[in-house]
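Colleague: I have a structure I would like to understand better, so I am pasting it below and will then ask my questions one at a time.
The values are calculated or read from the model by the stated rules, or taken from the named source; none is laboratory data. Keep in mind that what you see is a predicted model, and the values were worked out from it rather than measured. Don't worry about glycine lacking a Cβ; one is built from the backbone with ideal geometry, like all the others, and counts go over all protein chains shown. Accessible surface is based on the protein model in full, side chains and every heavy atom, while ligands, DNA and RNA are left aside. Shrake-Rupley method; radii C 1.70, N 1.55, O 1.52, S 1.80 Å.
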Amino acid sequence: MSNSTIHATDEPATERPTTDEATAPVLELDQVSKSYGPERVIEGLSLSVTEGEILTLLGPSGCGKTTTLRLIAGLERPNAGEVSLNGTAVSGPDSFVEPEDRGVGVVFQEFALFPHLTATENVGFGLEAWNDDAREARVEELLDLVGLEAQGDSYPDELSGGQQQRVALARSLAPEPDVLLLDEPFSNLDVDLRVKMREEVRRILKEAGVTAVSVTHDQEEALSISDRVAVMNDGRIEQVGEPEQVFQQPESRFVAGFLGHASFLPGYVHGGEVTTGLGPVPRDQINGLAGTYDRTRIDVLVRPDDIRAVPVDGEGDGRVISRRYLGPTVLYEVRLDDDTTVQCMHNHDESIPLDTAVRIELDADHELAWFPSDQRPADADE
């Protein structure tokens, strides 16, 4: 092994208070399943959302997240299990409440504004039962909340994409729904506007105190807008937790890989450290590595920002086999001497040519996640 460098810290990871300490759930799904003919789309899904919380269902196309949203809205009926709002079953073996009677609002990715109505008229569309003064006050309040008080007389084709989205959001908030559902709400916006609107929508929802469930396949969007993220795969929830938790301490290899670039560094647990091809890592830096795993092989999860590649003359830990220019950063892939590949992220002005010999420095100032190795069990005499 070449002379690699590993930097570690004994500082524990910090955590925010969890939503488990919050009040009773506004929304609950209990062992919900949904099939279309022989195809099972949702399998035994259980989930709860508390008042004022923003929860995002995150997963690849076809994982069942949009079907889950439609089950909550009442646009689909489950084949098994129960959906409850404020403790009352709205879908289940013996009950089904129609969508319009659930107190659930929906923001579709197409915004679905009425082109012949002004922003004011769109926002007030669902308030026909309100008296004129109350409706006018509510619409004015919401246009002010979304920052469109000066565009009330504008028609949708006179508004930008971001403004149309805010009108759609205000219209869904107008009837004061118990739960607001957002179906890929930023997918029709360009990249720069998408980032801005994520922050804006989160602000609006928090100021309004609304309980919201969002659906997306965009990892950055889910991590930035949500109080909690539920990662879905093949009709099931793989993990649910705060963004920092699911990213830094994924409970499956799928979650680790889906939430960003993931490299798995083979290691051998022995005493107070884990031996890797890049040198020893203190055992107490590996999250939850109990004593029962002594003298076993594990795979340590490392992210590109945990690793640096340093060019060397002669032999190093490995060689650069690919580089991906991303604008502000460059993502390098390095094949180590044991054929393991790891990825590292550098600033755009730090250029390393392909096939360069490099030394790898693992610069991790947080606990590292791990998974049981796919290799054979370690020999006890090793």
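Colleague: What is the residue count in the range 216-263 for residues that are closer than 16 Å to S46 by Cα and either aliphatic (A, V, I, L, M) or touching a helix residue (DSSP H, G or I) at 6+ places or on another chain (Cβ under 7 Å) (or both)?
Modeller: Matching residues across the range 216-263 total 10.
Colleague: Restricting to the range 182-200, what's the tally of residues that are more than 16 Å from V229 (Cβ to Cβ) and open to solvent by less than 80 Å² (accessible area, probe 1.4 Å)?
Modeller: Total meeting the criteria: 8.
Colleague: Select from the range 183-229 the residues that are under 22 Å from E28 (Cβ atoms) and in contact with an Asp or Glu (Cβ under 7 Å, 6 or more places away or on another chain) and list them in ascending order.
Modeller: T211, V215, T216, D227, R228
Colleague: What number of residues in the range 282-323 are of a type in the set (A, V, I, L, M) and touching a Gly at 6+ places or on another chain (Cβ under 7 Å)?
Modeller: The qualifying residues number 2.
Colleague: Further question on the same structure: Confirm whether T340 is under 26 Å from E244 (Cα atoms), at pLDDT 90 or above, in contact with a Gly (Cβ under 9 Å, 6 or more places away or on another chain) and among the hydroxyl-bearing types (S, T, Y).
Modeller: So T340 does not fit the description; no.
Colleague: Look at the range 223-239 and say how many of its residues are touching a Ser or Thr at 6+ places or on another chain (Cβ under 8 Å) and either at pLDDT below 95 or β-branched (V, I, T) (or both).
Modeller: Of the residues in that region, 3 qualify.
Colleague: Does at least one position in the range 125-133 carry a residue that is more than 32 Å from the chain's Cα centre (by Cα), open to solvent by less than 10 Å² (accessible area, probe 1.4 Å) and farther than 28 Å from E221 by Cα?
Modeller: Within the range 125-133, one or more residues are more than 32 Å from the chain's Cα centre (by Cα), open to solvent by less than 10 Å² (accessible area, probe 1.4 Å) and farther than 28 Å from E221 by Cα.
Colleague: Given (1) in contact with a Lys or Arg (Cβ under 7 Å, 6 or more places away or on another chain); (2) part of a loop (DSSP other than H, G, I, E, B); (3) of a type in the set (G, A, S), identify the lone condition not met by G52.
Modeller: Single failed check for G52: (1).
Colleague: Given the conditions (1) more than 30 Å from H217 (Cα to Cα); (2) modelled with pLDDT of 95 or more, and given that G81 satisfies all but one, which numbered condition is not satisfied?
Modeller: (1)
Colleague: How many residues does the range 323-351 contain that are open to solvent by 90 Å² or more (accessible area, probe 1.4 Å) and either in a strand (DSSP E or B) or touching a helix residue (DSSP H, G or I) at 6+ places or on another chain (Cβ under 9 Å) (or both)?
Modeller: Residues that pass the stated criteria total 4.
Colleague: A further question on this structure: Name every residue in the range 358-372 that is farther than 15 Å from L331 by Cβ and crowded, with 18+ Cβ neighbours inside 10 Å, in order of residue number.
Modeller: Once the filter is applied, which keeps residues that are farther than 15 Å from L331 by Cβ and crowded, with 18+ Cβ neighbours inside 10 Å, the range 358-372 yields R359, E361, L362, A364, H366, E367, L368, A369, W370.
Results for (1) more than 16 Å from the chain's Cα centre (by Cα); (2) open to solvent by less than 40 Å² (accessible area, probe 1.4 Å); (3) closer than 30 Å to L182 by Cα; (4) not assigned by TED's automatic domain parsing to the domain that holds S351, shown as yes or no for each residue.
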site: N233; (1), (2), (3), (4): no, no, yes, yes
site: E238; (1), (2), (3), (4): no, no, yes, yes
site: E242; (1), (2), (3), (4): no, yes, yes, yes
site: Q245; (1), (2), (3), (4): no, no, yes, yes
site: L265; (1), (2), (3), (4): yes, yes, no, no
site: L289; (1), (2), (3), (4): yes, yes, no, no
site: P311; (1), (2), (3), (4): yes, no, no, no
